[in-house]
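Working notes for the structure below.
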Amino acid sequence: MNNLSKKTLIVIFILAITILLTSCTGGRELNTLGIVVATGLDLEDGKVIITNEVINPAKGSNSENSTTQENTLFIQGIGDTLTEAFVNTTLTFDRELYLPHSHIVIFGEELAKRGIGDYIDFLSRNNEQREQSFMLVALGAKAYDVMGINSGISQSPGRYIYEIVRGDIYNDETRSFTLTEFFKYFYRPHEGFLTGVLKAVEKPQINKEISENEMTVICVKDAAAFKGDKLIGYYTGEEMIGFNFIVGELKNAIIEFESPDYLVDKDRINSRAGKLSSVQVFRSKTSQNLKLIDGKLHLFIDVKFRGILRETTQGLDISQPGVLKEMENSCAKVAKSYMEQALEKGMKEFESDTFGIGQLVHRQYPDLWKEIEDNWEGIFVNLDYTVNVTARINDTGFTNTPPNIRKGKQL
Amino acid sequence: MNSEKITSRQLILLITTFGLSVTISYMFALNLPPSNQDVWIMILLSFVYSLIFRIPLLFLNNKFPELTLVEMLEKILGKFAGKFFGLFYALYFMAYTIFILILQTQMTGINILASTPNWLIIGLTTIACLYIGSKDLVMMCWTGELVTSISLFSIVLLILLGLKNVNFTLLLPILSDSTFAEINKGAIMFSFLTTDVFVLIKASPFLENKKNVYKIFVYSSLFFTIICAIAVAVTQGALGLEQARHTIYPFLIYTRIINFTAAFERIDVVFVTTWIAINTGRVAFFMYFGYMALKDVFNIDKSKVLFIVIGILIGIISIYIANNMTIVVAQSMINLALMLSTAIFVTIIPLIAMIVYFFRRRSLDTEKLSEN
């Protein structure tokens, strides 16, 4: 190896050592940290309460007999600001709280209604808070009321909530928003934004070995709508399907619909017939367009989606010509109604553009947007719109004729 | 091949990557006019202004390829004026070194070494840079080629991995919200915020092919401009226009939200260590330039003692400033200072020298012929 190569290697070696060795100072041992997996923020008597779910490593490592509730601790701090409340946890807890593994940030409803603008600076400024944490509102409750519930198979309540929220890819009656997405929409002028929702729901206890008759589960259906920084209301699950269609973010939804009665072959029914069919939407495409008609903006939303027929109980023989087409039309009508419900709620009840239509005006009519952007909210509430939906059922599963009608001798 | 020479490829890599290290750290471009979704267009346009404003320096360098910057100024402007400006160049390089050293310390401190004291980060970086700088420019360029090629690849890879989070519709409408004047103003300001042409000027006496100076600068500026524009555009698309401007280190946040697969999340440390590697090289280079300028001004032969003294002085001043202020928060002031200093040392002084050269061309050419 010649001198030049040796020197090159030495320089690289020194650079590498420089980078690595400096991390020896300021290192924190794992057993001095309280690893936070979920954070809740509430307001009581003008004070901020921060509730942190902290992993209990001792219980976790002796996990044979420990319950999921014992695997975590809930540490609260109170202060005038979020930072004070956070730091005040060390007055009563024997660990320094460590945020990089906190995947959930929950706002209590009271705090959300009051306005969260002065509490989000801590979240954006803090270098430990991960930008991929999900932002949620506790529907009708304090944040600490919905923490501590674990009705799944996750190791901790925080993890349980995290896995449910992440599961929005399986059910579009909700929508999850990370901290980065939250700020992306929060800063959009003249528009509202959404966050996910958590609510505690009582359900009957099925497991007979447990003495309680009811169990509490977390449900993430619905979404919270914000105007400015204040919570103004909630979109229901069906409205969220419509919302996700409108903004082109629908990943997976079930649409239940009733097909026209004349399609039912009443002669061949051999058991009780139901009312509904279910289609699972697996692919959708939305195009939004604005046109100026008689000097007024008109919004056109065209949605095309493809789905799988998961269930039909009405007694429809989809092997017959025309039946599937009619079912597609009925499915499209229901999807259209969801979208119209969402739009009406946004326009008439919330009076806030949570759909990003303002951005669409900006893109398609930039000069017009400069004139109307300050009055956009007033224009949005009276915006005319037309929704067109085309549904295609691509897959009907393993059967064509449902079990509640006889196939008969027809071909 | 003559192993004592620097190749064009090495310089192109160095200048491209060094330019990126500052522009994607605190992304000052986001706050330059037009400060909206058209910033990437402004950056692309700055390529033209970058070429224009560096013509005097490149022209003089091409005319006197064997001379250092101070020697060139002495030859054209006279001994006294040459040394006077040379001293200012030395101070400028040292001040710039202090700036990038503090920027590195504060960005490293925010992300991976939050509890490490500034004196330790700056001290160890200074020692490493002193060692690197003591090996002379050729050696630095050779080593730099290895480091910068890996770093450039890392930056491009990070950009690609984060594309999933980018909403390109945020970059629309194109040019509707910006005026021609704003775009050009921003482009001019941006072109004055990059100073890595000095790497080419200082290294040109050791170039393998001295005729390639213009080509090297054009290629490196082009690559730098394109990658920088892409980095800014994807950062805006991922974070949103307003959030990107609220953030001190937007590209760092862009890398923090990368979630490509389970294997590629929380890889912001890759960006920080890549950036440390590039920036350490940059500190070494500009520290060396300051030493070279002072050496020429005071006619000192190679002196390691002088270099070490300069390094220690830079380190002490950097520690003092880093402990007393957060420089990137006062972005507008920092940008103004950078722009003014770059305008003076990259364009105005060389322009004065170029004008004087044109008046004295005959005598200077005669002198050159008699020397040959």
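The values are calculated or read from the model by the stated rules, or taken from the named source; none is laboratory data. Quick caveat: nothing in here was measured; it's all calculated off a predicted structure. Reconstructed Cβ throughout: ideal geometry from the backbone, glycine too, with neighbour counts over all protein chains shown. Accessible surface is based on the protein model in full, side chains and every heavy atom, while ligands, DNA and RNA are left aside. Shrake-Rupley method; radii C 1.70, N 1.55, O 1.52, S 1.80 Å.
Key figures
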quantity: Size of charge dipole - chain A - debye, nearest 20, with Cβ of Lys, Arg +1 and Asp, Glu -1, no other charges; calculated: 1720 debye
quantity: Cα long-axis angle, helix B:180-191 against chain B (0 to 90 degrees, to the nearest 10); calculated: 60 degrees
quantity: Complex-versus-alone comparison for the stretch A:159-208, residues with a loss of 50 Å² or more in accessible area, probe 1.4 Å; calculated: A:THR180, A:LYS184, A:TYR187
quantity: GluC sites (Glu not before Pro) restricted to DSSP loop in the stretch A:92-150 with at most 16 other C-beta within 10 Å; calculated: A:GLU128
quantity: Residues whose placed amide H lies under 5 Å from that of A:GLY115, excluding near-sequence neighbours; calculated: A:LEU231
quantity: Equivalent-ellipsoid semi-axes of the protein assembly as shown, from the Cα gyration tensor, Å, largest first; calculated: 60, 32, 24
quantity: For the stretch B:12-81, with +1 on Lys and Arg beta carbons and -1 on Asp and Glu, the positive-most of B:ALA29, B:ILE12, B:LEU44 along the dipole; calculated: B:ILE12
quantity: DSSP beta bridges in the protein assembly as shown [antiparallel fraction, %, rounded to 5]; calculated: 65 percent
quantity: Where chymotrypsin sites (Phe, Trp or Tyr not before Pro) in DSSP loops with at most 15 other Cβ within 10 Å are excluded, longest remaining stretch of chain B; calculated: B:1-259
quantity: 222 nm mean residue ellipticity, helices alone, for the protein assembly as shown (DSSP H n ≥ 4; -39,500 (n - 2.57); rounded to 500); calculated: -15500 deg cm²/dmol
quantity: Bins of 10 Å from zero: percent of alpha-carbon pairs in the stretch A:30-235; calculated: 9, 35, 37, 16, 3, 0
quantity: Chymotrypsin sites (Phe, Trp or Tyr not before Pro) within the stretch A:122-184, DSSP loop, no more than 13 other Cβ atoms inside 10 Å; calculated: A:TYR170
quantity: Derived scalar couplings ³J(HN,Hα) [the stretch B:344-359; Karplus, 6.51 cos²θ - 1.76 cosθ + 1.60; whole Hz; x for Gly, Pro]; calculated: 5, 8, 8, 10, 5, 4, x, 5, 4, 4, 5, 5, 4, 4, 5, 6
quantity: Low-density loop positions, trypsin sites (Lys or Arg not before Pro), the stretch A:141-230 - DSSP coil, at most 13 other Cβ in 10 Å; calculated: A:LYS208
quantity: C-alpha center-to-center spacing [the stretch B:275-311, the stretch A:371-403] in angstrom; calculated: 65 Å
quantity: Most fluctuating residue given options B:ILE321, B:ILE216, B:ILE230, as computed from a GNM of chain B linking Cα atoms under 10 Å; calculated: B:ILE321
quantity: Amide H contacts of A:ALA223 (H built 1.01 Å from N, under 5 Å, at least 5 apart or other chain); calculated: A:TYR235
quantity: Pairwise centroid distance, computed over Cα atoms, of the stretch B:1-35 with the stretch A:154-175, Å; calculated: 44 Å
quantity: Kyte-Doolittle at least 1.6, axis length at least 24 Å by Cα - qualifying DSSP helices, chain A; calculated: A:3-21
quantity: Value of D in µm² per second that Stokes-Einstein yields for the stretch A:236-411, Kirkwood Rh from Cα pairs, at 37 °C (0.692 mPa s); calculated: 184 µm²/s
quantity: Candidate residues B:LYS75, A:LYS275, B:LYS368, A:LYS285: accessible-area rank, largest first, probe 1.4 Å; calculated: A:LYS285, A:LYS275, B:LYS368, B:LYS75
quantity: Extension gain from A:ASN252 to A:SER278, taking 0.36 nm per residue of separation minus the Cα-Cα distance; calculated: 8.1 nm
quantity: Orientation-averaged projected area, Cα convex hull of chain A (nm²); calculated: 33.2 nm²
quantity: Whether chain B is rounded, prolate or oblate, judged on the alpha carbon gyration tensor where a/c under 1.5 counts as rounded; calculated: prolate
quantity: Share, in percent, of DSSP beta bridges within chain A that are antiparallel, nearest 5; calculated: 70 percent
quantity: Percent of beta bridges antiparallel (DSSP, the stretch A:30-235, rounded to nearest 5); calculated: 70 percent
quantity: The protein assembly as shown, accessible surface, carbon-and-sulfur percent (1.4 angstrom probe); calculated: 59 percent
quantity: Using alpha-carbon coordinates, inclination of helix B:136-161 to the longest axis of chain B, degrees; calculated: 20 degrees
quantity: Buried area at the A-B interface (accessible, heavy atoms, 1.4 Å probe, summed, Å²); calculated: 3200 Å²
quantity: The stretch A:304-312 - phi-based ³J(HN,Hα) in whole Hz, Karplus 6.51/-1.76/1.60, Gly and Pro as x; calculated: 10, 9, 10, x, 10, 6, 8, 6, 9
quantity: Relative contact order (percent, whole number), chain A, Cα cutoff 8 Å, 6+ residue spacing; calculated: 12 percent
quantity: The stretch A:317-368 versus the stretch A:36-57: alpha-carbon centroid distance in Å; calculated: 38 Å
quantity: Nonlocal amide H pairs with A:LEU43, under 5 Å, H built at 1.01 Å; calculated: A:ILE49, A:LEU111
quantity: Longest site-free stretch - chain B; sites: GluC sites (Glu not before Pro), DSSP loop, at most 16 other Cβ within 10 Å; calculated: B:209-372
quantity: For residues of B:141-151, the mean tally of beta carbons on other chains within 10 Å; calculated: 2
quantity: Positive dipole terminus of the protein assembly as shown, leading residue within B:ILE201, A:VAL11, A:LEU91 (C-beta point charges); calculated: B:ILE201
quantity: Within chain B: Cβ-based charge dipole about Cα centre, in debye rounded to nearest 20 (Lys, Arg +1; Asp, Glu -1); calculated: 560 debye
quantity: Dipole axis of the stretch B:203-274 (+1 Lys, Arg; -1 Asp, Glu on Cβ), positive-most option in B:LEU239, B:LEU222, B:THR261; calculated: B:LEU222
quantity: Nearest-0.05 FRET efficiency for A:ASN2 and B:ASN31, computed from C-beta distance (R0 51 Å); calculated: 0.60
quantity: Using alpha-carbon coordinates, inclination of helix B:268-297 to the longest axis of chain B, degrees; calculated: 20 degrees
quantity: Per-residue ³J(HN,Hα) for the stretch B:17-30, Karplus 6.51 cos²θ - 1.76 cosθ + 1.60, θ = phi - 60°, Hz, x for Gly and Pro; calculated: 6, 5, x, 5, 4, 7, 5, 9, 6, 9, 6, 4, 4, 5
